[in-house]
Amino acid sequence: MGKYFCKRVVSAIPLLLVISFVVFMFIHMIPGDPARMIAGQDATKEDVEVVREQLGLNDPLLVQYGNYMKGLFTGDLGDSVKNGKTVVETIAPRMKPTIMLTISAMIWATIIGIALGIISAVFHGRSLDYIGMIIAISGISVPSFWLGLELIQGFSVALNWLPTGGLDSWQSYILPSLTMGAGIMAVLGRFTRSTMLETMREDYVRTARAKGLKETLVVMRHAFKNSLIEIITVAGLQIGGLLSGSVMAETVFSIPGLGRLLVDSINFRDYKVVQALLLFFAAEYIVINLIVDVLYGVINPKIRYN
Amino acid sequence: MAQTNTNLDQNKFAAAEELPKAQSKVKEFTKKFMKRKTAVVSLIFILFIILMAIIAPFVVPYAPDQPDYTALLQGPSAAHIWGTDEFGQDVFSRLMVGSRLSLSCALIATVIGTAGGVVLGLIAGFYGGFVDSLIMRCCDVLFAFPDILLAIAVVAIIGPGMVNVMIAVAVFTVPSFARIIRSATISVKQSLYVEVARSLGCKNSRILFVHVFPGTIQSMIVNFTMRIGTAILAASSLSFLGFGANVTEPDWGAMLSLGRNYLNTAPHMVLFPGILIFLTVLAFNLLGDGLRDTLDPKMN
């Protein structure tokens, strides 16, 4: 098991290094002079030179990358152009809303998605199956920003039940997390259905039925339990994408999270913050996928021994 | 000379035999596809939207950029079936004309992304070894950025605008195609007919594009159809965030973005563009599902 774990962790390190290099190159890929872009078109030559010096753009590329990596490990990612604070100080307070939203979206989407998939599989080919799958495919197809706006229109403007934005109370999490989780719910619903349908054709499920077990027990104790490993894996893999998917929900609901910060920073050409956020989102995506991968190996001996 | 004539005759016979075979395959596919009603309805809807994209500027009741200051933010009525926006422009006309911009953006982006992904996937799967590792590791790097994040990152680098949105969407389309086509290529290249082509002395490039590529088309078509839906969503999301089309342009995402400022007074400005995006993406996804089920021998 230790060997499997080490192998997986070691295999992720080169990818993380490449990602760090790609994100580091982000500023260099901007067409034109990034220092001029940041200083503004009206800035004097001296101002541009100051910005260039601040960004370390006068150093050779490898030295710049070395300094960047050193900064990564010491928490020095530069300063935000917008507010003058360090990048870490700018990003840190924005993490909590995004993480809270991601967790709340994940919880409801997992529960409803799995339930939808089980119901569709059990009632395969009947009306409930079709209804379940219509809901699922609609969840994949609906633009999340539109869903968010319609939820505001219905529950905040028309009914006045829930706040239109911000994160002041637990009620204010409801609409954004519904917006964020719709797609995940749909993916999990479809995946649970197809996995359950496969599992329900297995011999042990047939045996359980032949023994005269109640259908509920057959479905939950035999079919669902054996499908659970794969369902949990897919659910885990969604978390990584969900965190960066907060961009749309945070924009619609004016939530001061990481996604909103990314959009604002791009509009303000606050490239140091954009660079840090891109690295954060990509790294958390890889790390979460790695954790899920390792956990999959832990709970599924077939993978571990292969 | 006589030998050459015999060969020509044989080729003609072979070609004559192939034609009915291909025709019967198409017939069989059509028959199976027509049984999938949701896919057929989706296809009809998509054809309607494509038709609209072509003819809308000539048939819509109002010019999309024609303001009417006597009819600002009006709800749906007989004169304006989907209401008007803050300049009194007809929402229905703008959406129908906008289908040209939104659809072409998604289509072009998907075609570029597909072309890039297919070539990379074919090369990786066919040559294997170092080339395969290099291409797949590059794809892994792109996969490390979730779709919308990658698109935002690309737009952050090259700047906002509709053309840049197309490039951004194309970039995130590449790795998924490369991976799918690579695995299809690996399975096709082990086929007997590829072995025969190789033993007959065919060049690698000929084997790759004439013999292997057609074998991967099935996976490509299904993924292509579904990816158009994703591209529409991504492009409209970027426009909504202000990175895509200008808000004055009749683009679905941009219209939605503008509409959110009038959510209290003119909810139709958000409702109709959203429904149109939703139905179009839904239609592409359902069509993709239908094509996959029709082409998958296990499902038949």
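What to note about this one:
- Qualifying residue in segment A:17-30 (condition: among the polar types (S, T, N, Q) and without any contact (Cβ under 8 Å) to a residue 12 or more places away in the chain): no
- The one condition in (1) closer than 24 Å to A:ILE140 by Cβ; (2) of a type in the set (A, V, I, L, M); (3) over 24 Å from the mean Cα position of the chain (by Cα) that A:VAL234 fails to fulfil: (3)
- The residues in segment B:269-284 that are buried (at least 20 other Cβ atoms within 10 Å of the Cβ) and in contact (Cβ under 8 Å) with a residue 60 or more places away in the chain can be counted, and the count is 9.
- With respect to (1) surrounded by 20 or more Cβ atoms within 10 Å (Cβ to Cβ); (2) over 18 Å from A:GLY154 (Cα atoms), the lone exception for B:ASP293 is condition (1).
- Number of the condition not met by A:LEU217 [criteria: (1) without any contact (Cβ under 8 Å) to a residue 24 or more places away in the chain; (2) away from every other protein chain (no Cβ under 11 Å); (3) under 16 Å from the mean Cα position of the chain (by Cα)]: (3)
- Candidates B:ALA245, B:ALA266, B:ALA254 - the one that is touching a Gly at 6+ places or on another chain (Cβ under 8 Å), more than 8 Å from every other protein chain (Cβ to nearest Cβ) and either part of a helix (DSSP H, G or I) or without any contact (Cβ under 8 Å) to a residue 60 or more places away in the chain (or both): B:ALA254
- Odd one out for B:MET96 among (1) surrounded by 17 or more Cβ atoms within 10 Å (Cβ to Cβ); (2) touching an Asp or Glu at 6+ places or on another chain (Cβ under 8 Å); (3) without any contact (Cβ under 8 Å) to a residue 60 or more places away in the chain; (4) hydrophobic (A, V, I, L, M, F, W, C): (2)
- Within segment A:225-263, the set of residues being acidic (Asp, Glu) and modelled with pLDDT of 85 or more comprises A:GLU250 only.
- For segment A:188-214, filtered to residues that are surrounded by fewer than 14 Cβ atoms within 10 Å (Cβ to Cβ) and hydroxyl-bearing (Ser, Thr, Tyr), the residue that is nearest to the chain's Cα centre (by Cα) is A:TYR204.
- B:SER102 meets all of the listed conditions (1) surrounded by 15 or more Cβ atoms within 10 Å (Cβ to Cβ); (2) assigned to a loop (DSSP other than H, G, I, E, B) but one, namely (2).
- Tabulated pairs, segment B:137-164, first within 7 Å of chain A (Cβ to nearest Cβ) and crowded, with 21+ Cβ neighbours inside 10 Å, second part of a helix (DSSP H, G or I) and among the β-branched types (Val, Ile, Thr), C-beta under 6 angstrom, 6+ apart or interchain: B:ALA144/A:ILE19; B:ALA144/A:ILE286; B:ALA156/A:ILE266; B:ALA156/A:VAL274
- Within segment A:12-31, being modelled with pLDDT under 80 and either among the polar types (S, T, N, Q) or not in a helix (DSSP H, G or I) (or both) holds for A:ILE30, A:PRO31.
- B:GLY125 vs. criteria buried (at least 21 other Cβ atoms within 10 Å of the Cβ) and in contact with an Asp or Glu (Cβ under 8 Å, 6 or more places away or on another chain): yes
- When segment B:208-232 is filtered for residues that are away from chain A (no Cβ under 14 Å) and either aromatic (Phe, Trp, Tyr) or touching a residue at least 60 places away in the same chain (Cβ under 8 Å) (or both), the ones remaining, listed by number, are B:LEU208, B:PHE209, B:VAL212, B:PHE213, B:THR216, B:GLN218, B:MET220, B:ILE221, B:VAL222, B:ASN223, B:PHE224.
- Within segment A:113-123, not a single residue is free of Cβ contacts under 8 Å to residues at least 12 places away in the same chain and within 14 Å of chain B (Cβ to nearest Cβ).
- Test: B:GLY274 is within 8 Å of another protein chain (Cβ to nearest Cβ) and in a helix (DSSP H, G or I): yes
- Contacts under 6 angstrom Cβ, first residue in segment A:32-50 being under 19 Å from A:SER265 (Cα atoms), partner basic (Lys, Arg) and not in a loop (DSSP other than H, G, I, E, B), 6 or more apart: A:ALA35/A:ARG52
- Counted as qualifying within segment A:60-164 are the helices (runs of 4 or more DSSP H) with 3 or more residues that are under 20 Å from the mean Cα position of the chain (by Cα), on the phi < 0 side of the Ramachandran plot and surrounded by 13 or more Cβ atoms within 10 Å (Cβ to Cβ), namely A:87-122, A:127-141, A:144-151.
- For segment A:222-270, residues that are within 12 Å of chain B (Cβ to nearest Cβ), crowded, with 20+ Cβ neighbours inside 10 Å, outside any helix (DSSP H, G or I) and small (Gly, Ala, Ser) total 1.
- Evaluating B:ARG100 against the criteria (1) in contact with a Gly (Cβ under 7 Å, 6 or more places away or on another chain); (2) modelled with pLDDT of 90 or more; (3) not β-branched (Val, Ile, Thr) leaves one unmet condition, (1).
- Among the residues of segment A:207-221, those that are assigned to a helix (DSSP H, G or I) and farther than 19 Å from A:PHE123 by Cβ comprise A:THR207, A:ALA210.
- Breaking point among (1) within 16 Å of B:ALA115 (Cβ to Cβ); (2) surrounded by fewer than 24 Cβ atoms within 10 Å (Cβ to Cβ), for B:ALA231: (2)
The values are calculated or read from the model by the stated rules, or taken from the named source; none is laboratory data. Fair warning: this is a prediction, and the values are worked out from it, not measured in the lab. Every residue, glycine as well, gets a Cβ built from its backbone with ideal geometry; the counts of neighbours run over all protein chains shown.
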